[in-house]
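Structure, as C-alpha cells:
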Amino acid sequence: MERLVERLEKAVERLETVCQGPGMCGDGPSKGVAQYVQAFDALLAGPVAEYIKISKEVGGDVQKHAEMVHTGLMSERALLVMASQHQQPTENAFSSLLKPISEQIQVVQNFREKNRGSKLFNHLSAVSESIPALGWVAMAPKPGPYVKEMTDAAMFYTNRILKEYKDVDKKQVDWVKAYLSIWTELQAYIKEYHTTGLTWSKTGPVATAGAKLPSTPAAGAAPPPPGPPPPPAPAPVCPSTDDTASRSALFAQINRGEGITSGLRHVSDDMKTHKNPALKNQGGPVRSGPKPFTAPKPACNANPSQKTSPKAPALLELEGKKWRVENQENATNLVISDTELKQVAYVFKCTNSTLQIKGKINSITLDNCKKLGLVFDDVVGIVEIINSRDVKVQVMGKVPTISINKTDGCHVYLSKNSLDCEIVSAKSSEMNVLIPTEGGDFTEFPVPEQFKTVWNGQKLVTTVTEIAG
C-alpha cells in the first residue's frame with residue numbers, strides 16, 4: 001500500500017513536470033498521450049490518491065478494498081490508452097477488452113460478500129454498490145448519468161457511516177468525502193471527454209480482441225496498472241448486420257439535408273380528402289385505431305432447437321459460518337435450526353417458498369427473492385432485503401435493524417420485543433410494517449415512499465408527503 005501511494009505521488013510530480021513544458025497540458029497532447037488520458041491521470045493523482053491515502057489510515061478491510069478499487073481504475077486507464085490509439089472495435093472484440101474490468105468489479109464485490117462480519121461493513125458496501133460505475137466505458141449514449149446512478153446506490157451506506165462517525169471520528173467522514181469525490185470528478189471528466197460514450201481514435205489500427213491493453217503508461221502518466229482491468233458491455237439483443245445496414249442507410253438519408261424531400265410526390269388539391277370529400281366514399285383501406293397490444297416475440301431466438309441453460313441447483317447448506325439458501329422454488333418447509341451466534345444466512349433467488357430460522361444468528365440477507373416468507377427468532381446484527389419482490393418477514397424475537405433496498409412489496413411483522421427495531425429503506429415501494437395488538441392481531445402501517453424537500457433559508461428540510469387515497 002505504501003508503494004502504491006508513493007507511485008501516485010510520483011505521478012503527480014510527473015504531471016506537474018509535463019505541464020511545465022510548452023503546449024503539454026494546453027493546446028496539444030503530451031508526447032503522444034491523448035488529452036483525455038492526461039485528464040484521467042489527473043483524476044488518479046487527485047481524488048483517487050486522496051482516497052487511497054485515507055483508506056490506508058483507516059486500515060483493515062478498507063485498505064484492502066481500496067487496493068482492489070485502484071486496480072480496477074488502472075485497468076480502466078489501460079483501456080483509455082488503447083482507445084486513444086485504436087479505432088473502435090467490433091462488439092465481440094470490445095466485450096473481450098472489457099473483460100478485465102468486469103472481473104475486477106467482481107473481485108471488489110466478492111470481497112464485501114466474504115466479509116459480512118467486518119466492523120467496516122458499511123464501507124465495504126458503499127464501495128461494492130458503486131464500483132459498477134467503472135462500466136461507464138461500455139455505456140452509450142449516456143455514460144455520465146450511469147455513473148451518477150451507481151454513486152447514488154452508495155449513498156445508503158455512506159449516510160450510515162456519516163451518521164455513525166459524524167461526531168466521533170473525522171477520519172471516517174473524510175473517507176466518505178474522498179471516495180464520493182472520485183465518482184463526482186469522473187462524471188465531470190466523462191461530460192467533457194466522453195459525453196455520448198467512450199471516444200475512440202479516428203486513426204490507427206482497429207482494436208481487436210487479441211490486442212493487449214497497454215501495461216506501461218507513457219511519460220508523465222500515472223503508474224502502471226498493477227493487476228487485472230474493464231465491466232462487461234451489455235450484450236446486444238440479437239445483433240444483426242441487417243439492423244446495422246438499415247441504420248446506416250437511415251443516417252445517410254438524414255445527412256442529405258433538404259435533398260431528402262426530393263423524392264416525395266406532390267399531392268394536388270384534387271387528391272386531398274379534406275378538399276374533395278367524394279374521395280372518402282371510393283373505398284380503399286379503412287384506417288382503424290391502434291392494434292391491441294401483443295406480447296413481443298422472444299429475442300435472440302435464432303436457434304429454436306437450442307435449449308435454455310439448466311437451472312442452478314437448489315441449496316440449503318452451511319458453508320463455514322454462512323448458511324446458503326439458494327434457488328429454492330415452491331419449497332414451503334425450509335428450516336434452519338442448528339444455528340450459532342457467529343453464523344449468517346444468505347438467501348438468494350428463492351421463489352414461492354417459506355424459510356424458518358430458529359435460534360439466534362448474526363445477520364440475514366434476502367437477495368433477489370420473490371414471494372418469499374421468512375420467519376426468524378433473533379438476529380443480533382441486521383436483516384437486509386435487497387432486489388426482491390413480494391416478501392414477508394416475521395420477527396419472533398428481537399432484531400435491531402431491518403434494511404429494505406430496491407424492493408417492491410415488503411411486509412414486516414414485528415413482535416412485541418422488537419418494536420424498537422430501526423427500519424431503513426431506499427429505492428423501495430409498497431412497504432408495510434405490522435405492529436402486534438393486545439388481542440393478538442396486527443395493525444398495518446405503511447412506510448412512506450414519497451418525500452417533500454424545501455429550503456428554509458439555512459438548510460434543506462425533508463418531510464413525508466401525505467397522499468390522500
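The values are calculated or read from the model by the stated rules, or taken from the named source; none is laboratory data. Bear in mind the structure is a predicted one, so any value in this text is a computation, not a measurement. Here Cβ is always computed from backbone atoms with ideal geometry, including for glycine, and neighbour counts include all displayed protein chains. Note: areas computed on protein heavy atoms with side chains; ligands, DNA, RNA excluded. Shrake-Rupley method; radii C 1.70, N 1.55, O 1.52, S 1.80 Å.
For segment 402-448, what are the residues that are surrounded by 14 or more Cβ atoms within 10 Å (Cβ to Cβ) and β-branched (Val, Ile, Thr)?
Once the filter is applied, which keeps residues that are surrounded by 14 or more Cβ atoms within 10 Å (Cβ to Cβ) and β-branched (Val, Ile, Thr), segment 402-448 yields 402, 404, 407, 412, 423, 424, 433, 435, 447.
I'd like the full set of residues that are touching a residue at least 12 places away in the same chain (Cβ under 8 Å) and part of a helix (DSSP H, G or I), limited to segment 184-198.
Correct list: 184, 185, 186, 187, 189, 190, 191, 192, 193.
Kindly provide the set of residues from segment 128-164 that are out of contact with any helix residue (DSSP H, G or I) (no Cβ under 6 Å at 6 or more places or on another chain) and either part of a loop (DSSP other than H, G, I, E, B) or in the same structural domain as residue 362 (by the TED database) (or both), ordered by number.
Result: 140, 141, 142.
Restricting the search to segment 374-400, which residues are out of contact with any helix residue (DSSP H, G or I) (no Cβ under 7 Å at 6 or more places or on another chain) and not in a strand (DSSP E or B)?
The answer is 380, 381, 387, 388, 396, 400.
In segment 352-376, how many are open to solvent by 40 Å² or more (accessible area, probe 1.4 Å) and either aliphatic (A, V, I, L, M) or under 20 Å from residue 331 (Cβ atoms) (or both)?
8
For segment 67-86: of the residues being out of contact with any Pro (no Cβ under 7 Å at 6 or more places or on another chain) and open to solvent by 10 Å² or more (accessible area, probe 1.4 Å), which is farthest from residue 45 (Cα to Cα)?
Checked segment 67-86; the qualifying residue farthest from residue 45 (Cα to Cα) is 85.
Restricting to segment 414-451, name every residue that is farther than 22 Å from residue 368 by Cβ and in a strand (DSSP E or B).
Residues satisfying the conditions are 422, 433, 434, 435, 436, 442, 443, 444, 445, 446, 451.
Kindly indicate whether any position in segment 323-344 is touching a Phe, Trp or Tyr at 6+ places or on another chain (Cβ under 7 Å), over 21 Å from residue 119 (Cα atoms) and surrounded by fewer than 17 Cβ atoms within 10 Å (Cβ to Cβ).
yes
Which of the residues that make up segment 55-66 are surrounded by fewer than 20 Cβ atoms within 10 Å (Cβ to Cβ) and either aliphatic (A, V, I, L, M) or touching a Phe, Trp or Tyr at 6+ places or on another chain (Cβ under 6 Å) (or both)?
Correct list: 58 only.
Just one of 42, 93 is touching a strand residue (DSSP E or B) at 6+ places or on another chain (Cβ under 9 Å), of a type in the set (A, V, I, L, M) and part of a helix (DSSP H, G or I); which is it?
Result: 93 is the single residue among 42, 93 that is touching a strand residue (DSSP E or B) at 6+ places or on another chain (Cβ under 9 Å), of a type in the set (A, V, I, L, M) and part of a helix (DSSP H, G or I).
Could you tell me which numbered condition residue 100 fails, if it satisfies all but one of (1) open to solvent by 50 Å² or more (accessible area, probe 1.4 Å); (2) of a type outside the set (Ser, Thr, Tyr); (3) touching a residue at least 60 places away in the same chain (Cβ under 8 Å)?
Condition not satisfied by residue 100: (1).
Taking only segment 331-383 into account, find how many residues are without any contact (Cβ under 8 Å) to a residue 24 or more places away in the chain, over 14 Å from residue 399 (Cα atoms) and of a type outside the set (A, V, I, L, M, F, W, C).
Adding up the residues that qualify gives 15.
State yes or no: is residue 125 in the same structural domain as residue 62 (by the TED database), more than 30 Å from residue 341 (Cα to Cα) and among the polar types (S, T, N, Q)?
no
Per-residue answers, yes or no, for (1) in contact with a strand residue (DSSP E or B) (Cβ under 9 Å, 6 or more places away or on another chain); (2) open to solvent by 80 Å² or more (accessible area, probe 1.4 Å); (3) at pLDDT 90 or above:
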| site | (1), (2), (3) |
| --- | --- |
| 169 | no, no, yes |
| 173 | no, no, yes |
| 176 | no, no, yes |
| 182 | no, no, yes |
| 189 | no, no, yes |
| 193 | no, no, yes |
| 204 | yes, no, no |
| 230 | no, no, no |
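Output the residues belonging to segment 52-89 that are touching a residue at least 24 places away in the same chain (Cβ under 8 Å) and on the phi > 0 side of the Ramachandran plot.
Passing the criteria: only 60.
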